[in-house]
Every structure is written in C-alpha cells, then in structure tokens.
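This report refers to the structure that appears directly beneath it.
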Amino acid sequence: MYMNNREEEVMFLKKLWTSQSVICPKCGKAVLEQLHKKAKKSNCDWKCSACGEIYRTIRMMKELPDE
C-alpha cells in the first residue's frame, strides 16, 4: 500500500466508506471515484481517474498488517 502504517490505512478506508473525498495516495493528482458508480453495486471499490490505480477496500482490509 502507499501508507506508512496501519493507522493511516484504516483512516483511508474509513474515509472511503463514509463517502469523504480522498486524494489518490499513489499519484496525489485526483480524488478517488467509485468504480461501480453507474451500477450502484457497492462502495467497496474505488479508482483514480489520473493514474488508474484501483483500490479494492475489502481486500485491503483483510491485508491490513497486524499492530
């Protein structure tokens, strides 16, 4: 991931899940957008329109490092 520690990753996930604007941590150039916005399937997957990085939040949560 592009964060320095577990706490930053948790805050990143919380912001996405509460629909707050989040700048892409990879490129820092664009606000992340819901990947399935048109289908309104879920708010679990996000994409950066600038660099194309996809953030699958359920998988990210499972891969969080131990404290």
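Are there any pairs, at least 6 apart or on different chains, whose C-beta atoms fall under 7 Å, with the first in region 1-26 and free of Cβ contacts under 8 Å to residues at least 60 places away in the same chain and closer than 19 Å to ALA50 by Cα and the second outside any loop (DSSP other than H, G, I, E, B) and polar (S, T, N, Q), and if so, which?
Close Cβ pairs (under 7 Å, with a partner that is outside any loop (DSSP other than H, G, I, E, B) and polar (S, T, N, Q)) amount to LEU16/THR57.
Suppose we keep only residues that are at pLDDT below 90 and open to solvent by 60 Å² or more (accessible area, probe 1.4 Å) within region 40-55. Which one would you say is nearest to PRO65 (Cα to Cα)?
LYS41
The values are calculated or read from the model by the stated rules, or taken from the named source; none is laboratory data. These numbers come from a predicted model, not from an experiment. No Cβ is skipped: glycine too gets one built from the backbone with ideal geometry, and neighbour counts run over all protein chains shown. Calculation scope for accessible area: heavy atoms of the full protein, side chains included, ligands and nucleic acids excluded. Shrake-Rupley method; radii C 1.70, N 1.55, O 1.52, S 1.80 Å.
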